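Asks: Would you mind keeping the following structure in view while I ask a few things?
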Amino acid sequence: MAELLPRAVTALLVLGLGAALGALTSLFTGRPLAMSALGALLALLLVNVRQAARGHRLLEWLRSPRQTPAPRDAGFWGELGYRFERALRNKDVELQAERQRLQEFLAAIDASPNGVMLLDASDQISWLNSVAAEHLGLDPTRDRLQRVTNLVRAPAFVSYMQDGRFEEPIVFAGPLGRSTLSVIVRAYGEGMKLMLTQDITERERAEAMRRDFVANVSHEIRTPLTVVAGFVETLAQLPLTEVERRRVLTLMEQQTDRMQSLVGDLLTLAQLEGSPRPGPDRWVAAAPILQRAHDDALALSAGRHRIDISGGADAEIAGSEAELISAVGNLLNNAVRYTPVDGQISLRWAWRDGGAADIEVSDTGIGIAREHLPRLTERFYRVDGSRSRDTGGTGLGLSIVKHVVQRHGGEIDVQSEIGKGTTFRMQLPAQRVRRLAAADEVPAAAVAAAPDGTVSA
Ligand code: ADP
C-alpha cells in the first residue's frame, strides 16, 4: 500500500502537467478542453511507456541465465528486481547445498564395500556404484537407463528378477565365471528396486576349505580307528598266542600314536589360529630353541643321519619360544623322515643384510618335485601319502611351520631338487631378530654336541 500513494500522486501530477501543457497549447490552437484532455492522455501514455520499458528490462533479466545482478532501478521496479534477485539467490544456495548433500550421500554409497544399484519400475538402471559395476562387469555411466537383465544375463539372476520373490539372496557366478556373487533385491517406492551385490568368492572358498578340512580330519582319524577296532575284535574273539598278542598290541600302539600325533597337531594349529600373535617385545635367545630342536632330531634319527647345527649363538628372537621350537622341530623332523640313512642334515642360523635372519634346515634327502612346492603348506597336502603316514607324518607339519613364521612376521621359502635334497628357510624380519650384546651371550647353540651330530657353531 505504501508505494501506491506516491505512484498515484506522481500519476496525478503527470496528468495535471499534461493537461496544463495541453491548455497552454490551446492558446495557439483554440479548443482548450480538448487540448487539455489530449495533453493529459499523452502524459499518461508517456508514463505507461516508461513503466513498460522498466518492466521489460526486469523481465529480460529474469529470462536470461542470470549471471549478472538484476537491473538497478529506483522505486517500485528497483525493489521488485532486488527482491527477485535475493529470492533467486537464496534458492540457488539451497539448491547448491542439496546438490552437495546428494553428492556426499552418493559418494558414501560409492565407498561401500558392497555393490549398490537402483532400478526403476521397468528394471532399468537409475544409478549404480562402482563396486556394483565391477561385480557385474558394467559401466557406471554408459549402462545407465539400460534394463539390467539385458546386461546381466546369468540365467539364475534373470529368473530371480522375473519371479519377483526377493526374500532370499541369490548366488551366481560373476562375469567370466571368475567370482561368486550374492545379490539381494528390496522393493521401494512405486515399483523401484534397491539391489545389493556382494563378492563372496573368498567366503565360499573358506567354506569349501573348512568342509575339506573336516572331511580330511574325519578320514585321517577313521582309518587308524578302524584298524584299532579290528584288533580289539581280534583280541576279544580269537585265542592268540603270546607272540601274536604282543604283535597285535604293538600294531594297536602304532595306530593310537598316529591318532595322538594327529590330535596334537590339530590342537597346535587351533591354538596358533586362535591366539594373539606373540608380542614384538618378548625376546628369547635363539640358541636354546635351535639346540632343543637339534636334540629332538638326533633322538628321532637315532644315529641314521649326520645332523649339523651352526650359528645363532649371538641371536635373539622376539616371539614365542614354544612356537619356534615346534616350527624348527617340524622342519628337522621332516628332514629326518625324508632323508635316507647316512644322509646329511643341517640346521643353520644365518644373518642377512639389513638385520633380518634365516633359520635354515637343509637335507640331502629325496627332494620334492617342483609342481608340489606351492601346495606344501596346505593342511594334509602330502607328496607321497603312504611314505608320510608310514613315517608318522600327519600332513600338518608344514602348515604349523607356516603359521608360526607368519605369526612372527616372516615367510617360509623352500628350494628342492628331486634326489638331491631340500632346503626350508624360515625368514624372520629385522624387527623380530637382534644380536645379543657380547656379555649376555648364551652359550653357543652347538656346545652340546650329540654323539653323531657334527658341531660347527
Ligand atoms: P607330513 O606330516 O606328511 O610330513 P608336512 O606338512 O610336514 O606333512 O609335509 C608335507 C609334505 O611335504 C610331506 O608329506 C612330504 O611329501 C613333503 N616334505 C616335507 N618336508 C620334506 C623334506 N625335507 N624332503 C622331502 N619332502 C618333504
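Asks: Which ³J(HN,Hα) values in Hz, rounded to whole numbers, follow from the phi angles of region 344-353 under the Karplus curve 6.51 cos²θ - 1.76 cosθ + 1.60, where θ = phi - 60° and Gly and Pro get x?
Replies: With the stated coefficients, region 344-353 comes to 10, 10, 10, 10, 9, 9, 10, 6, 10, 4 Hz.
Asks: Give me the orientation-averaged projected area of the Cα convex hull of the chain, in nm², one decimal.
Replies: 46.3 nm²
Asks: Cα gyration tensor of region 256-348, axes a ≥ b ≥ c as square roots of the eigenvalues: rounded (a/c below 1.5), prolate (a/b > b/c) or oblate?
Replies: oblate
Asks: Antiparallel DSSP bridges in the chain: what percent, to the nearest 5?
Replies: Approximately 90 percent, going by the DSSP bridge assignments.
Asks: Now, a different point. Treat each spin label as a single point 7 Å out from the Cα along the C-beta direction, and report the Ser122 to Asp281 distance in nm.
Replies: So the label points at Ser122 and Asp281 sit 6.7 nm apart.
Asks: What FRET efficiency do you get for Ser261 and Glu104 if R0 is 51 Å and r is their Cβ-Cβ distance, rounded to the nearest 0.05?
Replies: The formula returns an efficiency of 0.30 here.
Asks: Still on this structure: Using R₀ = 30 Å, calculate the FRET efficiency as 1/(1 + (r/R₀)^6) where r is the Cβ-Cβ separation of Asn114 and Ala187; round to 0.05.
Replies: 0.95
Asks: So for the pair Arg31, Arg50, with labels modelled 7 Å out along Cα→Cβ, what separation do we get in nm?
Replies: Spacing of the two 7 Å Cα→Cβ label points: 2.7 nm.
Asks: Taking the 0 to 90 degree range and rounding to the nearest ten, how far is the long axis of helix 321-337 tilted relative to the main principal axis of the chain, both from C-alpha atoms?
Replies: Helix 321-337 and the main axis of the chain meet at about 60 degrees.
Asks: If you plug each phi of region 263-273 into the Karplus form 6.51 cos²θ - 1.76 cosθ + 1.60 with θ = phi - 60°, what whole-Hz ³J(HN,Hα) values come out, in order, with x for Gly and Pro?
Replies: 5, x, 5, 5, 5, 4, 4, 4, 5, 5, 6
Asks: Separate question: To check you understand DSSP bridge types, tell me what percent of the beta bridges within region 283-456 (both residues inside) are antiparallel, rounded to 5.
Replies: Around 80 percent antiparallel, to the nearest 5.
Asks: In addition: With the Cα gyration tensor of region 1-143 in hand, give its eigenvalues times 5 under a square root as the equivalent ellipsoid semi-axes, listed largest first in whole angstrom.
Replies: They are 65, 15, 10 Å, listed from largest to smallest.
Asks: Any idea what angle helix 4-29 forms with the longest principal axis of the chain, computed on alpha-carbon atoms, 0 to 90 degrees, nearest 10?
Replies: Compared with the principal axis, the helix lies near 40 degrees.
Asks: Still on this structure, I have one more. With a/c under 1.5 counting as rounded, go ahead and sort region 112-199 into rounded, prolate or oblate using the C-alpha gyration tensor (a ≥ b ≥ c being the square roots of the eigenvalues; past the cut-off, prolate if a/b is larger than b/c, else oblate).
Replies: Taking the square roots of the gyration eigenvalues as a ≥ b ≥ c, region 112-199 is rounded.
Asks: Next question, about the same structure. Compute the longest continuous run of the chain that contains no exposed GluC sites (Glu not before Pro); treat a site as exposed when its DSSP state is not H, G, I, E or B and it has at most 16 other Cβ atoms within 10 Å.
Replies: That would be 191-377.
Asks: Where in region 213-232 does the amide nitrogen come within less than 15 Å of the point 7 Å from the Cα of Glu244, taken along Cα to Cβ?
Replies: Only 231-232 fall inside the zone, counting backbone N under 15 Å.
Asks: So, R0 is 51 Å and r is the distance between the beta-carbons of Gln254 and Arg434; what FRET efficiency does that work out to, to 0.05?
Replies: 0.70
Asks: Relative to the first principal axis of the alpha-carbon coordinates of the chain, what is the inclination of helix 201-237, with its axis defined by its Cα atoms, in degrees from 0 to 90 and to the nearest 10?
Replies: 20 degrees
Asks: Next question. Per residue of region 399-406, in order, report the coupling 6.51 cos²θ - 1.76 cosθ + 1.60 (Karplus, θ = phi - 60°) as ³J(HN,Hα) in whole Hz, putting x for Gly and Pro.
Replies: Computed from phi, the couplings for region 399-406 are 5, 5, 4, 4, 4, 4, 4, 5 Hz.
Asks: Something else about it: Trypsin sites (Lys or Arg not before Pro) within region 101-191: which are DSSP loop residues with at most 12 other Cβ atoms inside 10 Å?
Replies: Arg142, Arg153, Arg165, Arg178
Asks: Something else now. Residue separation times 0.36 nm, minus the C-alpha to C-alpha distance between Leu62 and Arg292: what's the value?
Replies: Answer, rounded to one decimal: 73.7 nm.
Asks: Next up: For Val116, which sequence-distant residues (separation of 5 or more, or a different chain) have an amide H within less than 5 Å of its own amide H, given hydrogens modelled in the peptide plane?
Replies: Asn129, Val131, Ala132, Thr197
A short reminder: the numbers here are calculations on the coordinates, not readings from a lab. Keep in mind that this is a model prediction, so the values were computed, not measured. Cβ atoms come from the backbone with ideal geometry, glycine included; neighbour counts cover every protein chain shown.
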